[in-house]
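Below is one structure, written out as structure tokens; the observations come after it.
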Amino acid sequence: MYLTADLDISYFGDTARVPYGSRTPETIGRYAEQDVRFLLSRGVEAIVIACGTVSATCLDRLQSRYRIPIVGVIEPASIEAVQVTQTGHIGVLGTKATIKSNAYSDRICSESPNCCVTGIACPLLVPLIENGYSPDDPLVEMALDRYLEPVRTSDIDTLILGCTHYPFLTQTISRMLPNVRLINIGTVLAKRLSEHFPLTASSEKNLVSYYVSDADTEFQAIANSYLDAIRAENVQKINIELY
């Protein structure tokens with residue numbers, strides 16, 4: 001894992017209220033503003049919205065209300081997809097709220113009006129991942145088999161994994177769609193951030209603080225199964241409703 005040379009990181013996971021993808025835009029916006037206010041209380045100087053749903057539904061609102069840099073995942077993923085597609089047909093897997101927002105299709109078409117975008121809502125994937133189902137579990141494969149049908153029956157050659165949970169299923173999706181290029185929104189966002197912040201190998205000089213809104217979850221175990229050098233230790237529970 002890589003960090004900026006001289007910046008600390010405060011991570012907040014709203015474990016009490018996920019998934020956001022099935023909520024109304026009004027509720028998502030209220031949750032997101034509470035999340036931002038909590039992070040501001042920690043003295044952060046910039047915020048990365050790693051949630052595809054929040055990025056899709058209320059990034060503009062957050063950017064207009066708060067005076068620090070706030071970045072989301074829609075723009076870098078859309079630009080990457082436009083640059084790599086050969087057929088001009090791009091697919092997007094996302095939550096119901098993300099797909100309904102048309103955020104990806106609007107951004108992609110602003111980059112390349114000739115592109116065609118097919119959005120596919122996948123409401124079952126986040127709960128399956130959050131509950132610890134492995135990528136090769138039969139339930140996960142059954143859900144993916146249904147959701148990926150529009151990709152198999154079209155000329156989509158590039159597929160955006162439009163939720164930060166979905167890259168955990170990359171190997172399974174790649175096996176089901178061997179000829180489709182997958183866009184990991186976390187990876188492309190990290191590349192974009194590296195243009196503005198110098199990255200170095202993580203070291204003890206960087207402080208990473210973890211906060212969650214519900215401690216009665218498997219957050220720490222799941223996080224540590226994916227993190228490399230930086231372990232999710234000393235996770236603190238906070239009352240997000242106070243913000």
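Arrange the residues Asp145, Asp157 by how much accessible surface each exposes, largest first, with a 1.4 angstrom probe. Could the numbers behind the result be given before it?
On the way: Asp145 80, Asp157 25 Å².
From most exposed to least exposed: Asp145, Asp157.
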If amide H atoms are modeled at 1.01 Å from N in the peptide plane, then the residues at a separation of 5 or more from Val212, or on another chain, having amide H under 5 Å from its own are Gly13, Gln236, Lys237, Ile238
When the Karplus curve 6.51 cos²θ - 1.76 cosθ + 1.60 is applied with θ = phi - 60°, which whole-Hz ³J(HN,Hα) does each residue of segment 234-241 get, with x for Gly and Pro?
6, 5, 9, 8, 10, 8, 5, 5
log10 of Debye I(q)/I(0), alpha-carbon scatterers only, for the chain at 0.08, 0.10, 0.14, 0.17 Å⁻¹:
-0.30, -0.48, -0.97, -1.44
Positive-end extreme of charge dipole, segment 73-182 - chosen from Leu177, Leu144, Ser110 (charges on Cβ):
Ser110
Under 5 Å, built H, 5+ apart or other chain: amide partners of Ser10
Ser209
Tabulate in residue order the Karplus-calculated ³J(HN,Hα) for segment 118-125, using 6.51 cos²θ - 1.76 cosθ + 1.60 with θ = phi - 60°, rounded to whole Hz; enter x for Gly and Pro.
10, x, 10, 6, 10, x, 8, 5
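Rounding to the nearest 20 debye, state how big the charge dipole of the chain is about its Cα centre with +1 on each Lys and Arg Cβ and -1 on each Asp and Glu Cβ.
Working: 20 positive and 28 negative charges, 94 e Å.
Around 460 debye, computed over the chain.
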Can you pull the one-decimal nm distance between simple spin-label points at Tyr243 and Thr87, each 7 Å off the Cα toward Cβ?
4.2
Can you give me the long-range amide H partners of Ile160? Hydrogens built in the peptide plane at 1.01 Å from N, cutoff under 5 Å, separation of 5 or more residues or another chain.
Gly91, Val92, Leu93, Ile183
Express the accessible area of segment 1-61 per residue in Å², computed with a 1.4 Å probe while the remaining protein chains stay in the model.
48
Just to make sure I understand: if all protein chains stay in place, what is the order of Leu59, Leu40, Leu161, Leu124 by accessible area at 1.4 Å, largest first?
Leu124, Leu40, Leu59, Leu161
On a C-alpha basis, how far is the centre of segment 151-183 from the centre of segment 19-40 in Å? Whole number, if you could?
27
Proximal charge balance of Leu177 [Cβ under 14 Å; K/R count +1, D/E count -1]
-1
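Compute the length gained on full extension between Ser194 and Asp145: take 0.36 nm times their separation in residues and subtract their Cα-Cα distance, giving the result in nm to one decimal. Intermediate results must be reported in sequence, preceding the final value.
Working: separation 49, 0.36 × 49 = 17.64 nm, distance 3.50 nm.
Gain on stretching Ser194 to Asp145: 14.1 nm.
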Given a 1.4 Å probe and every protein chain left where it sits, what share in percent of the accessible area of the chain is carbon and sulfur?
49
Suppose R0 equals 30 Å; then what is the FRET efficiency for Gln171 and Arg17 from their Cβ-Cβ distance, rounded to the nearest 0.05?
0.55
Treating only Lys and Arg (+1) and Asp and Glu (-1) as charged, each at its beta carbon, one finds that segment 4-84 has a dipole about its Cα centre, in Debye to the nearest 20, of 360
Work out the FRET efficiency for Ile9 and Ser134 from their Cβ-Cβ distance, taking R0 = 30 Å, and round it to the nearest 0.05.
0.60
So what is the relative contact order for the chain, in percent, with contacts set as C-alpha pairs under 8 Å and at least six apart?
29
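Given the chain, what percent of its DSSP beta bridges are antiparallel, to the nearest 5? Numbers along the way, then the final one.
Details: 3 of 26 bridges.
Of those bridges, close to 10 percent are antiparallel.
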Measuring from label point to label point, each 7 Å out along Cα→Cβ, what is the Asn179 to Glu45 span in nm?
4.9
Of all trypsin sites (Lys or Arg not before Pro) in segment 7-61, the ones in DSSP coil with at most 14 other Cβ atoms within 10 Å are Arg42
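Stretched out fully, how many nm does the piece from Asp155 to Ser209 gain, at 0.36 nm a residue minus the Cα gap?
Values: separation 54, 0.36 × 54 = 19.44 nm, distance 4.37 nm.
Contour length minus the Cα-Cα distance gives 15.1 nm.
The values are calculated or read from the model by the stated rules, or taken from the named source; none is laboratory data. Just so we're clear, the structure is a prediction, and the values are computed from it rather than from any experiment. All Cβ positions, glycine included, derive from the backbone under ideal geometry; neighbour counts span all protein chains shown. Heads up: the accessible areas ignore ligands, DNA and RNA and are worked out on the full protein's heavy atoms, side chains in. Shrake-Rupley method; radii C 1.70, N 1.55, O 1.52, S 1.80 Å.
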